[in-house]
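Reviewing the structure listed below.
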Amino acid sequence: MTFRLGLVAAVIVAQIVSASSSTQNLDPNVVKAANFAIEFHNRMTNCAYAYKVVEILSYSAQIYPPARVKYSIEVRAAQTTCRNDGSMNPEDCEVAADAQTMICSFVVLAVPGENPVPDYVLSQQCA
């Protein structure tokens, strides 16, 4: 009986929310997670110029008790005019006139709070 109640509670608590950027008001936590992921991508690659998120194509947010959120995000990223030296913020950079673009899929784990900051990029794939 206790096992069944625990299972029912887990199913009720685990909530999945999905959307695409065509919605007018994107969740600011999703935007933060996407920007965190592209900054991680920039640090992990040896590209001469940094990339930035130009469009969030789709996302889902899955809530895990007690207080974690796993974001699965697909973005379109474009090359910027900023050198990829780790000291810049891609959000402050202009997209290059002849920018190469790529589609990236990220899975980001976050612990939301008053100022939620994503903690880990669990996976990334860009093409």
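A short reminder: the numbers here are calculations on the coordinates, not readings from a lab. Please read all numbers here as calculations on a predicted model, not as lab measurements. With ideal geometry, Cβ positions are generated from the backbone for all residues, glycine too; neighbour counts draw on all protein chains shown.
Worth pointing out:
- Residues that are within 16 Å of ARG43 (Cα to Cα) and of a type in the set (S, T, N, Q), drawn from the range 82-104: ASN84, SER87, ASN89
- Index of the failed condition, TYR59 passing every other in (1) over 21 Å from ASP119 (Cβ atoms); (2) in contact with a Leu (Cβ under 9 Å, 6 or more places away or on another chain): (1)
- Number of residues in the range 72-89 that are in contact (Cβ under 8 Å) with a residue 40 or more places away in the chain and surrounded by 14 or more Cβ atoms within 10 Å (Cβ to Cβ): the value is 4.
- Flag if GLN79 is over 15 Å from ASN35 (Cα atoms) and outside any loop (DSSP other than H, G, I, E, B): no
- Of all the listed residues (VAL54, VAL108, VAL69), the sole one being crowded, with 18+ Cβ neighbours inside 10 Å, under 16 Å from ASP27 (Cα atoms) and in contact with a Lys or Arg (Cβ under 9 Å, 6 or more places away or on another chain) is VAL108.
- Scope the range 39-83; condition aliphatic (A, V, I, L, M), closer than 20 Å to ALA127 by Cβ and more than 10 Å from the chain's Cα centre (by Cα); matching residues: MET44, ALA48, ALA50, VAL54, LEU57, ALA77, ALA78
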